[in-house]
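Asker: Pasting in a structure now, in structure tokens, and then I'll have a few things to ask.
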């Protein structure tokens, strides 16, 4: 796993080979004024196995 900076993420936002996971806690997500477009929301409080099965294996995964 590697970290990327804001500029890299911004450059990747419209790339078809990038899958963005929003893993913020439900309360943090609901309270947030900022949401990344095209991000797929998953509840990190649920077991990883319940939401990770459908993750694409042919794309770069970006989690935040």
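The values are calculated or read from the model by the stated rules, or taken from the named source; none is laboratory data. The shown structure was predicted, so the numbers you read here are calculated from the model rather than taken from an experiment. As a convention, Cβ positions derive from the backbone with ideal geometry for all residues, glycine included, and neighbour counts pool all protein chains shown.
Asker: If I filter region 48-61 down to residues being within 13 Å of the chain's Cα centre (by Cα) and outside any loop (DSSP other than H, G, I, E, B), which single residue comes out as nearest to residue 29 (Cα to Cα)?
Answerer: 51
Asker: Go through (1) modelled with pLDDT under 90; (2) exposed (fewer than 14 other Cβ atoms within 10 Å of the Cβ) and name the single condition residue 51 misses.
Answerer: Result: residue 51 fails condition (2) only.
Asker: Would you pick out the residues in region 29-47 that are outside any loop (DSSP other than H, G, I, E, B), at pLDDT 90 or above and either more than 20 Å from residue 3 (Cα to Cα) or in contact with a helix residue (DSSP H, G or I) (Cβ under 6 Å, 6 or more places away or on another chain) (or both)? Outline the logic, then answer.
Answerer: Here is the first cut: in region 29-47, the ones outside any loop (DSSP other than H, G, I, E, B) are 29-31, 40-41.
So of that shortlist, the ones also at pLDDT 90 or above come out as 31, 40-41.
The answer is 31, and nothing else.
Asker: Now a separate question. Please work out which one of (1) surrounded by 13 or more Cβ atoms within 10 Å (Cβ to Cβ); (2) at pLDDT below 90; (3) in a loop (DSSP other than H, G, I, E, B) is the condition residue 24 fails and give its number.
Answerer: (2)
Asker: How many residues are exposed (fewer than 10 other Cβ atoms within 10 Å of the Cβ) and either in contact (Cβ under 8 Å) with a residue 12 or more places away in the chain or within 19 Å of residue 56 (Cβ to Cβ) (or both) when one looks only at region 1-21?
Answerer: So the first thing to find is which residues in region 1-21 are exposed (fewer than 10 other Cβ atoms within 10 Å of the Cβ), and the list is 1-3, 5-7, 14, 16-17.
Right, trim to either in contact (Cβ under 8 Å) with a residue 12 or more places away in the chain or within 19 Å of residue 56 (Cβ to Cβ) (or both) and you get 1-2, 14, 16-17.
The qualifying residues number 5.
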